[in-house]
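In what follows, a structure is listed as C-alpha coordinates, so that the remarks can point back to it.
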(Lines give C-alpha, C1' and ligand atoms only; values in the text may rest on other atoms or scores of the structure.)
Protein backbone atom coordinates (compact mmCIF):
# COMPACT_ATOMS: atom_id res chain seq x y z
CA UNK A 1 0.00 0.00 0.00
CA UNK A 2 1.72 3.15 -1.24
CA UNK A 3 -0.87 5.70 -0.11
CA UNK A 4 -2.05 6.30 -3.67
CA UNK A 5 -5.35 4.79 -4.75
CA UNK A 6 -6.87 4.55 -8.18
CA UNK A 7 -10.38 3.72 -9.32
CA UNK A 8 -11.59 1.88 -11.18
CA UNK A 9 -8.98 -0.87 -11.36
CA UNK A 10 -10.37 -2.14 -14.65
CA UNK A 11 -12.36 -0.31 -17.30
CA UNK A 12 -13.72 -1.45 -20.63
CA UNK A 13 -15.20 1.24 -22.83
CA UNK A 14 -16.35 1.77 -26.37
CA UNK A 15 -14.84 4.36 -28.64
CA UNK A 16 -17.80 6.70 -28.21
CA UNK A 17 -18.01 6.51 -24.42
CA UNK A 18 -16.96 9.12 -21.91
CA UNK A 19 -15.38 7.91 -18.70
CA UNK A 20 -13.10 9.22 -15.98
CA UNK A 21 -10.22 7.73 -14.03
CA UNK A 22 -9.73 8.85 -10.46
CA UNK A 23 -6.60 9.04 -8.35
CA UNK A 24 -6.31 10.01 -4.71
CA UNK A 25 -3.18 10.35 -2.62
CA UNK A 26 -3.16 10.27 1.17
CA UNK A 27 0.46 11.34 1.60
CA UNK A 28 0.18 15.11 1.74
CA UNK A 29 2.18 15.44 -1.47
CA UNK A 30 2.13 18.51 -3.67
CA UNK A 31 2.63 16.93 -7.08
CA UNK A 32 0.67 14.33 -9.01
CA UNK A 33 1.30 12.60 -12.31
CA UNK A 34 -0.44 10.52 -14.96
CA UNK A 35 1.55 7.87 -16.83
CA UNK A 36 0.59 5.48 -19.60
CA UNK A 37 2.12 2.02 -19.71
CA UNK A 38 1.65 0.08 -22.93
CA UNK A 39 2.98 -3.38 -23.62
CA UNK A 40 6.65 -3.42 -24.61
CA UNK A 41 7.01 0.36 -24.40
CA UNK A 42 8.61 2.50 -21.71
CA UNK A 43 6.40 4.22 -19.21
CA UNK A 44 5.17 7.45 -20.80
CA UNK A 45 4.63 10.57 -18.74
CA UNK A 46 1.37 12.24 -19.73
CA UNK A 47 0.70 15.08 -17.28
CA UNK A 48 2.29 16.65 -14.22
CA UNK A 49 0.46 18.80 -11.71
CA UNK A 50 2.29 20.75 -9.05
CA UNK A 51 0.22 22.56 -6.42
CA UNK A 52 -2.86 21.96 -8.60
CA UNK A 53 -1.32 23.68 -11.58
CA UNK A 54 -0.52 21.71 -14.72
CA UNK A 55 3.18 22.06 -15.33
CA UNK A 56 3.77 19.43 -17.97
CA UNK A 57 1.77 18.09 -20.87
CA UNK A 58 3.73 15.68 -22.98
CA UNK A 59 1.93 16.17 -26.29
CA UNK A 60 -1.01 14.10 -25.16
CA UNK A 61 -4.03 13.99 -27.52
CA UNK A 62 -6.95 16.14 -26.49
CA UNK A 63 -9.15 13.08 -26.01
CA UNK A 64 -7.34 12.83 -22.65
CA UNK A 65 -8.27 15.68 -20.33
CA UNK A 66 -6.76 15.91 -16.84
CA UNK A 67 -8.27 17.68 -13.87
CA UNK A 68 -6.72 18.41 -10.50
CA UNK A 69 -9.32 20.00 -8.19
CA UNK A 70 -6.99 19.89 -5.17
CA UNK A 71 -3.59 18.52 -4.26
CA UNK A 72 -5.03 15.16 -3.17
CA UNK A 73 -7.14 14.31 -6.20
CA UNK A 74 -6.38 13.86 -9.86
CA UNK A 75 -8.74 12.84 -12.63
CA UNK A 76 -8.23 11.77 -16.21
CA UNK A 77 -11.30 12.34 -18.34
CA UNK A 78 -11.54 10.13 -21.41
CA UNK A 79 -13.65 10.64 -24.52
CA UNK A 80 -13.70 9.19 -28.03
CA UNK A 81 -10.69 7.00 -27.34
CA UNK A 82 -9.03 4.72 -29.85
CA UNK A 83 -8.18 1.02 -29.42
CA UNK A 84 -4.48 1.95 -29.27
CA UNK A 85 -5.24 3.86 -26.07
CA UNK A 86 -5.73 0.54 -24.31
CA UNK A 87 -3.06 0.42 -21.61
CA UNK A 88 -2.36 0.53 -17.89
CA UNK A 89 -2.80 4.10 -16.64
CA UNK A 90 -0.75 4.84 -13.58
CA UNK A 91 -1.10 7.74 -11.20
CA UNK A 92 1.79 8.84 -9.00
CA UNK A 93 2.53 11.53 -6.47
CA UNK A 94 5.64 13.09 -5.00
CA UNK A 95 6.43 15.52 -2.25
CA UNK A 96 7.39 18.26 -4.68
CA UNK A 97 6.74 18.66 -8.39
CA UNK A 98 9.58 20.43 -10.09
CA UNK A 99 12.11 19.95 -7.34
CA UNK A 100 14.68 17.33 -8.19
CA UNK A 101 15.56 14.23 -6.21
CA UNK A 102 11.96 13.24 -5.56
CA UNK A 103 10.84 9.66 -5.42
CA UNK A 104 7.42 8.92 -6.78
CA UNK A 105 4.70 6.86 -5.16
CA UNK A 106 2.53 4.99 -7.62
CA UNK A 107 -1.02 3.79 -7.44
CA UNK A 108 -1.97 0.28 -8.60
CA UNK A 109 -3.16 1.51 -11.98
CA UNK A 110 -6.32 1.30 -14.06
CA UNK A 111 -6.28 -1.33 -16.80
CA UNK A 112 -8.16 0.33 -19.68
CA UNK A 113 -9.47 -1.57 -22.69
CA UNK A 114 -10.98 0.36 -25.57
CA UNK A 115 -13.16 -1.71 -27.87
CA UNK B 1 16.74 9.29 -26.76
CA UNK B 2 17.36 10.31 -23.16
CA UNK B 3 15.65 7.36 -21.61
CA UNK B 4 17.43 4.80 -19.51
CA UNK B 5 17.79 1.44 -21.13
CA UNK B 6 17.93 -1.65 -18.99
CA UNK B 7 19.98 -4.68 -19.75
CA UNK B 8 19.19 -7.55 -19.93
CA UNK B 9 15.55 -7.44 -21.00
CA UNK B 10 14.88 -10.65 -19.11
CA UNK B 11 16.79 -12.57 -16.46
CA UNK B 12 16.05 -15.94 -14.92
CA UNK B 13 17.96 -17.17 -11.86
CA UNK B 14 17.68 -19.70 -9.05
CA UNK B 15 16.60 -18.66 -5.59
CA UNK B 16 19.62 -17.68 -3.53
CA UNK B 17 21.64 -16.41 -6.48
CA UNK B 18 22.45 -12.76 -7.06
CA UNK B 19 20.75 -10.78 -9.81
CA UNK B 20 22.41 -7.88 -11.58
CA UNK B 21 20.61 -5.46 -13.86
CA UNK B 22 22.17 -2.58 -15.73
CA UNK B 23 20.90 0.75 -16.94
CA UNK B 24 22.51 3.09 -19.46
CA UNK B 25 21.49 6.63 -20.36
CA UNK B 26 22.64 9.33 -22.73
CA UNK B 27 22.55 12.77 -21.13
CA UNK B 28 23.51 14.18 -17.74
CA UNK B 29 21.16 13.47 -14.87
CA UNK B 30 20.17 14.88 -11.51
CA UNK B 31 19.55 11.43 -10.13
CA UNK B 32 18.73 7.90 -11.18
CA UNK B 33 15.97 5.88 -9.58
CA UNK B 34 15.15 2.18 -9.58
CA UNK B 35 11.57 0.95 -9.38
CA UNK B 36 10.01 -2.46 -9.18
CA UNK B 37 6.68 -3.54 -10.67
CA UNK B 38 4.80 -6.73 -10.01
CA UNK B 39 2.74 -7.92 -12.95
CA UNK B 40 -0.03 -5.46 -13.83
CA UNK B 41 0.47 -3.39 -10.69
CA UNK B 42 1.90 0.01 -9.87
CA UNK B 43 5.58 0.75 -9.53
CA UNK B 44 7.30 0.75 -6.17
CA UNK B 45 10.27 3.01 -5.57
CA UNK B 46 13.40 1.11 -4.49
CA UNK B 47 16.37 3.46 -4.42
CA UNK B 48 17.29 6.95 -5.58
CA UNK B 49 20.97 7.68 -6.21
CA UNK B 50 22.06 11.24 -6.82
CA UNK B 51 24.51 12.23 -9.52
CA UNK B 52 27.24 12.92 -6.95
CA UNK B 53 26.86 9.50 -5.31
CA UNK B 54 28.60 6.35 -6.47
CA UNK B 55 27.00 3.60 -4.44
CA UNK B 56 23.95 3.10 -2.28
CA UNK B 57 22.58 0.20 -0.28
CA UNK B 58 19.14 -0.73 0.97
CA UNK B 59 18.75 -4.14 2.54
CA UNK B 60 19.60 -6.71 -0.13
CA UNK B 61 19.79 -4.04 -2.82
CA UNK B 62 22.97 -2.36 -3.97
CA UNK B 63 22.98 0.36 -6.60
CA UNK B 64 26.03 1.82 -8.27
CA UNK B 65 26.26 4.86 -10.51
CA UNK B 66 29.08 5.69 -12.91
CA UNK B 67 28.38 9.08 -14.42
CA UNK B 68 31.48 8.91 -16.61
CA UNK B 69 30.07 5.84 -18.33
CA UNK B 70 26.46 7.02 -17.93
CA UNK B 71 25.48 3.72 -16.41
CA UNK B 72 24.02 2.25 -13.25
CA UNK B 73 23.58 -1.23 -11.90
CA UNK B 74 21.13 -2.79 -9.48
CA UNK B 75 22.31 -5.84 -7.57
CA UNK B 76 19.87 -8.00 -5.63
CA UNK B 77 21.71 -10.40 -3.36
CA UNK B 78 20.40 -13.75 -2.13
CA UNK B 79 17.36 -13.53 -4.37
CA UNK B 80 13.97 -14.88 -3.33
CA UNK B 81 10.99 -16.04 -5.37
CA UNK B 82 9.18 -12.91 -4.14
CA UNK B 83 11.75 -10.77 -6.00
CA UNK B 84 10.16 -11.91 -9.27
CA UNK B 85 9.05 -8.67 -10.94
CA UNK B 86 10.03 -6.13 -13.57
CA UNK B 87 12.67 -3.61 -12.60
CA UNK B 88 12.89 -0.16 -14.16
CA UNK B 89 15.45 2.56 -14.02
CA UNK B 90 14.31 6.15 -14.34
CA UNK B 91 16.57 9.07 -15.06
CA UNK B 92 15.80 12.54 -13.79
CA UNK B 93 16.74 15.19 -16.34
CA UNK B 94 14.58 17.92 -14.82
CA UNK B 95 15.73 21.47 -15.37
CA UNK B 96 14.50 24.93 -14.53
CA UNK B 97 10.73 24.90 -14.93
CA UNK B 98 10.74 21.56 -16.70
CA UNK B 99 10.02 18.15 -15.28
CA UNK B 100 11.56 15.15 -16.96
CA UNK B 101 11.73 11.69 -15.45
CA UNK B 102 12.09 9.06 -18.15
CA UNK B 103 11.77 5.33 -17.66
CA UNK B 104 13.36 2.45 -19.51
CA UNK B 105 11.55 -0.63 -20.77
CA UNK B 106 12.59 -2.65 -17.77
CA UNK B 107 14.25 -5.94 -16.94
CA UNK B 108 11.93 -8.82 -16.22
CA UNK B 109 13.41 -10.90 -13.40
CA UNK B 110 12.24 -14.43 -12.68
CA UNK B 111 13.52 -16.12 -9.53
CA UNK B 112 12.93 -19.85 -9.61
CA UNK B 113 12.30 -21.51 -6.23
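Just one of (1) free of Cβ contacts under 8 Å to residues at least 60 places away in the same chain; (2) assigned to a strand (DSSP E or B); (3) within 11 Å of another protein chain (Cβ to nearest Cβ) fails for residue B:62. It is (3). Would you pick out the residues in the stretch B:1-28 that are in a loop (DSSP other than H, G, I, E, B) and either modelled with pLDDT of 90 or more or touching a helix residue (DSSP H, G or I) at 6+ places or on another chain (Cβ under 8 Å) (or both)? Passing the criteria: B:8, B:9, B:15, B:16, B:17, B:18, B:25, B:26. Surrounded by fewer than 20 Cβ atoms within 10 Å (Cβ to Cβ), within 14 Å of chain A (Cβ to nearest Cβ), assigned to a strand (DSSP E or B) and free of Cβ contacts under 8 Å to residues at least 40 places away in the same chain: is that true of residue B:45 in this structure? Against the criterion (surrounded by fewer than 20 Cβ atoms within 10 Å (Cβ to Cβ), within 14 Å of chain A (Cβ to nearest Cβ), assigned to a strand (DSSP E or B) and free of Cβ contacts under 8 Å to residues at least 40 places away in the same chain), residue B:45 qualifies. For the stretch B:77-86, the criterion of being at the interface with another protein chain (Cβ under 10 Å from one of its Cβ atoms), within 26 Å of residue A:111 (Cα to Cα) and assigned to a loop (DSSP other than H, G, I, E, B) is met by no residue.
Among the residues of this structure, residue A:30 does not count as one that is within 10 Å of chain B (Cβ to nearest Cβ), more than 12 Å from the chain's Cα centre (by Cα) and closer than 22 Å to residue B:47 by Cα.
Of all residues in the stretch B:14-42, those satisfying the criterion of being more than 20 Å from residue A:36 (Cα to Cα) and within 8 Å of chain A (Cβ to nearest Cβ) are B:30, B:31. Screening the stretch A:49-109 for strands (runs of 3 or more DSSP E) wholly inside it with 2 or more residues that are loosely packed, with under 14 Cβ neighbours inside 10 Å and more than 13 Å from chain B (Cβ to nearest Cβ) returns the ranges A:64-70.
The values are calculated or read from the model by the stated rules, or taken from the named source; none is laboratory data. Predicted model only: the values in this text are computed from it and were never measured. Quick reminder, even Gly has a Cβ in these numbers, built from the backbone with ideal geometry, and neighbours come from all protein chains shown.
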